[in-house]
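The values are calculated or read from the model by the stated rules, or taken from the named source; none is laboratory data. In this text, all values refer to a predicted model and were calculated from it rather than measured experimentally. With ideal geometry, Cβ positions are generated from the backbone for all residues, glycine too; neighbour counts draw on all protein chains shown.
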């Protein structure tokens, strides 16, 4: 029973880390990455879909994204969605390809981005701690029902704390790497 709770907590913590990685990929750095456009939604024949499902998104060079819509009539729709997003990007159409030059980040904007990165990291740590709390609560429920002993419950709590510490360290490492990437000129 305790092992089941431990495995469940471990898998949930790993999923939380994956979510953090996805959220941090959307934060703009100096480099072009297709993940910047993942959350931009366009209307494609009555359905709301991400840009990547209506066009091919690629990296032309380190500071330019290129989008090649599958259909020519999607060009203005995609341009409008990019302009309306809060990314501050200005798409340029060249025939059937939309190019998005990424302006270099100012020092002030880089500092704002690092704060955003830290906030994302902190929310990930909170999620990890909540998972630990839930698992400990489940173990205490087993103790009350006399399915496990007090010693087993204490040991399980220590194992959960170690697991939590491991996952929080992973988040700290991810956040530090992203901060370095954002601050890189």
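Of 58, 88, 46, 95, which residue is touching a helix residue (DSSP H, G or I) at 6+ places or on another chain (Cβ under 8 Å), outside the structural domain of residue 136 (by TED's automatic domain parsing) and surrounded by fewer than 14 Cβ atoms within 10 Å (Cβ to Cβ)? Step through it out loud before you land on a result.
Values: 88 fails: touching a helix residue (DSSP H, G or I) at 6+ places or on another chain (Cβ under 8 Å); 46 fails: touching a helix residue (DSSP H, G or I) at 6+ places or on another chain (Cβ under 8 Å); 95 fails: touching a helix residue (DSSP H, G or I) at 6+ places or on another chain (Cβ under 8 Å).
Step by step, each of 58, 88, 46, 95 is checked, and only 58 is touching a helix residue (DSSP H, G or I) at 6+ places or on another chain (Cβ under 8 Å), outside the structural domain of residue 136 (by TED's automatic domain parsing) and surrounded by fewer than 14 Cβ atoms within 10 Å (Cβ to Cβ).
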Out of all the residues in the stretch 9-30, is one or more at pLDDT below 85 and loosely packed, with under 14 Cβ neighbours inside 10 Å?
no
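Name the residue, out of 122, 147, that is part of a helix (DSSP H, G or I) and surrounded by 12 or more Cβ atoms within 10 Å (Cβ to Cβ).
Details: 147 fails: part of a helix (DSSP H, G or I).
Matching residue, one of 122, 147: 122.
Just a yes or no: is a residue in the stretch 164-172 over 10 Å from residue 13 (Cβ atoms), touching a helix residue (DSSP H, G or I) at 6+ places or on another chain (Cβ under 8 Å) and surrounded by 15 or more Cβ atoms within 10 Å (Cβ to Cβ)? Break it down into steps so the answer makes sense when it comes.
First, the residues of the stretch 164-172 that are over 10 Å from residue 13 (Cβ atoms): 165, 169, 172.
Retained after the next criterion (residues that are touching a helix residue (DSSP H, G or I) at 6+ places or on another chain (Cβ under 8 Å)): 172.
After this cut, where a residue has to be surrounded by 15 or more Cβ atoms within 10 Å (Cβ to Cβ) as well, the list is none.
The answer is no, given that none of the residues of the stretch 164-172 is over 10 Å from residue 13 (Cβ atoms), touching a helix residue (DSSP H, G or I) at 6+ places or on another chain (Cβ under 8 Å) and surrounded by 15 or more Cβ atoms within 10 Å (Cβ to Cβ).
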Odd one out for residue 96, checked against (1) farther than 15 Å from residue 37 by Cα; (2) out of contact with any strand residue (DSSP E or B) (no Cβ under 7 Å at 6 or more places or on another chain):
(2)
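Tell me which strands (runs of 3 or more DSSP E) are completely within the stretch 17-114 and hold 2 or more residues being under 24 Å from the mean Cα position of the chain (by Cα), touching a residue at least 24 places away in the same chain (Cβ under 8 Å) and more than 30 Å from residue 173 (Cα to Cα), or say none if there are none.
On the way: elements: 41-44, 47-50, 55-61, 64-69, 92-94, 97-101.
Ranges flagged: 41-44, 64-69.
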